[in-house]
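*Asks:* Just dropping this structure here.
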Amino acid sequence: MLDPLEEVRYQAYRQEIDRRRFLTGRVLAKTVVGEFLGLAPRAVRFDATCDDCGKPHGRPTIAGARFSISHSGERIGLALTTDTPVGLDVETATRPTEHSLISYALNETEQAALTGLADEERIPAFFRYWTRKEALMKATGRGLKIPLKDITLSGPGEPARLVASTDLALKPEATRLADLDPGEGYWAAVAVLTADDIKVTERRWDAAG
């Protein structure tokens, strides 16, 4: 299923678990994208050229579809749209939510929304913020070039929404967010750069299926 450049990337991972995640992500993407485009999975060829250095380790793309891959722990996710920029993020809830991480990811308005919450409320609230922000940055294709604090999101308990952004790549009126259900112990969100309402359909595969 891997083309020669993907085979090189696969072999470059030192940890077996990282190889498995990369391979599973590519197989999942080629299977789903191939079905969408009417191609056999082995015929799907992604362009992963990095915009900055030209090496083949960038975000994979293909003509005719937009997609985003994310993995954490034992979850690997794929978000697919027809022609609209999309970003997906999935995170394991076991990641420590230390103050340094909160202050790095959230601006003053968002940090204030967490103040006074007990751990059982603060941790889920933080991961909602985190996955939504990561999904937004992936949708733009710019990643951490957009500082996390430059993005202000709706508070805990509210529908996922971009409230404000100081970066021109993200505009509240042309951005849609949705929280996903990746299973117990995980958080996930998807972002789509569109002014239209979005409909999210979730499908899940497991080892037995």
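*Asks:* Would you list, by chain and number, the aspartates and glutamates whose Cα falls below 15 Å from the Cα of Lys171, excluding same-chain residues fewer than 8 positions away?
*Replies:* Asp150, Asp196, Asp197
*Asks:* Taking all protein chains as present, what is the carbon and sulfur share of the accessible area of the chain, in % to the nearest whole number, probe 1.4 Å?
*Replies:* Exposed carbon and sulfur together represent 51 percent of the surface.
*Asks:* So for the pair Ile102, Ala174, with labels modelled 7 Å out along Cα→Cβ, what separation do we get in nm?
*Replies:* 3.5
*Asks:* Which angle from 0 to 90°, rounded to the nearest 10, does the C-alpha axis of helix 119-140 make with the longest principal axis of the chain?
*Replies:* Taking the Cα atoms of the chain, the angle to 119-140 is about 50 degrees.
*Asks:* Still on this model: For Lys55, which aspartates and glutamates qualify as cross-link partners when the Cα separation must be under 19 Å and same-chain residues fewer than eight apart are set aside?
*Replies:* Asp3, Glu6, Glu7, Asp47
*Asks:* For the chain, what does the helix formula give at 222 nm: sum of -39500 (n - 2.57) over DSSP H segments with n ≥ 4, over the residue count, nearest 500 deg cm²/dmol?
*Replies:* -10000 deg cm²/dmol
*Asks:* If the reach is capped at under 14 angstrom between alpha carbons, list the aspartates and glutamates near Lys199, excluding any in the same chain fewer than eight residues apart.
*Replies:* Lys199 reaches Asp179.
*Asks:* What is the calculated FRET efficiency for Asp167 to Ala93, with r their C-beta to C-beta distance and R₀ = 35 Å, to the nearest 0.05?
*Replies:* Efficiency at R0 = 35 Å is approximately 0.80.
*Asks:* Taking the chain as the reference, fit the longest principal axis to its C-alpha atoms, fit the long axis of helix 16-37 to the helix C-alpha atoms, and give the angle between the two in degrees, 0 to 90, nearest 10.
*Replies:* Approximately 80 degrees, to the nearest 10.
*Asks:* If one computes P(r) from the Cα atoms of the range 54-115, what percent of pairs lie at distances over 15 Å?
*Replies:* 67
*Asks:* In square angstrom, what is the accessible area per residue of the range 76-176 with a 1.4 angstrom probe?
*Replies:* 48
*Asks:* With a ≥ b ≥ c the root eigenvalues of the C-alpha gyration tensor of the range 1-58, is it rounded (a/c under 1.5), prolate (a/b larger than b/c) or oblate?
*Replies:* Oblate.
*Asks:* While we're here: Express in nm, to one decimal, how much length is gained between Thr109 and Arg14 on full extension, taking 0.36 nm for each residue of separation and deducting their alpha carbon distance.
*Replies:* The span from Thr109 to Arg14 would gain 30.2 nm if fully extended.
The values are calculated or read from the model by the stated rules, or taken from the named source; none is laboratory data. Just so it is clear, the model here is predicted, and its values are computed rather than measured. Heads up, the Cβs are rebuilt from the backbone with ideal geometry, glycines too, and the neighbour counts pull from every protein chain shown. What goes into the accessible areas is simple: the full protein's heavy atoms, side chains included, and nothing from ligands, DNA or RNA. Shrake-Rupley method; radii C 1.70, N 1.55, O 1.52, S 1.80 Å.
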